[in-house]
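The values are calculated or read from the model by the stated rules, or taken from the named source; none is laboratory data. Please read all numbers here as calculations on a predicted model, not as lab measurements. All Cβ positions, even for glycine, are placed from backbone atoms using ideal geometry, and neighbour counts span all protein chains on display.
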Amino acid sequence: MSQNKTEAIHHASLEVLESTGVEVMSSKALDILKEAGAKVDYSEKHAAIPRDLVEEALKRAPKTIKYCARDPENDSMLDGSGPHFTTDGYAPFVRDFETGERRMSVREDLVCWTKIADYLNNIHVV
């Protein structure tokens, strides 16, 4: 993707965060956002985040993040050097393997999906 397209997406996301805002379910997170300068509506669990606040947060954010595995040989460094693929680690709903029905996920579903993802060489972080 070109630098111009990347910048256009970034500016559009800033516009959405500032004008449309986001739903924030955590009261503590809303408190933090309000103190930092966001427009917060506690009854709607909504925050409109000014672009300068987002830009400042991006400047302060670490440039690399290390995901540590049980075996350090499998650590993943997120440093912008290339793509990394991950699972979300949580799905509120699943399609039951036996019945084909959509249902709420349970702990055993997470166990099974984690085992599957662990065997996939193209998945870097579970």
In segment 35-46, the residues that are among the charged types (D, E, K, R) and surrounded by 14 or more Cβ atoms within 10 Å (Cβ to Cβ): Lys45
Considering each residue of segment 90-126, count those that are in a strand (DSSP E or B), of a type in the set (A, V, I, L, M) and touching a Ser or Thr at 6+ places or on another chain (Cβ under 9 Å), and give that number. 2
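For every residue, the table says whether it meets (1) surrounded by 11 or more Cβ atoms within 10 Å (Cβ to Cβ); (2) part of a loop (DSSP other than H, G, I, E, B).
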{"position": "Asp52", "(1), (2)": "yes, no"}
{"position": "Lys59", "(1), (2)": "no, no"}
{"position": "Gly80", "(1), (2)": "no, yes"}
{"position": "His84", "(1), (2)": "yes, yes"}
{"position": "Asp88", "(1), (2)": "no, yes"}
Considering only segment 70-79, I want to know if a residue exists there that is within 27 Å of Leu17 (Cβ to Cβ) and without any contact (Cβ under 8 Å) to a residue 24 or more places away in the chain. yes
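Of all residues in segment 1-23 being in contact with a His (Cβ under 9 Å, 6 or more places away or on another chain) and not small (Gly, Ala, Ser), which is surrounded by the fewest Cβ atoms within 10 Å (Cβ to Cβ)?
Among those residues, the one meeting the criterion is Glu23.
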State all residues of segment 21-39 that are touching a residue at least 12 places away in the same chain (Cβ under 8 Å), closer than 14 Å to Val54 by Cα and part of a helix (DSSP H, G or I); if no residue qualifies, say none. Leu33, Lys34, Ala36
Which pairs do you get when a residue that is within 14 Å of Leu14 (Cβ to Cβ), found in segment 53-68, comes within reach of a residue that is among the β-branched types (Val, Ile, Thr) and at pLDDT 95 or above, reach meaning Cβ atoms under 9 angstrom, with the pair 6+ apart or on two chains? Ala57/Ile49
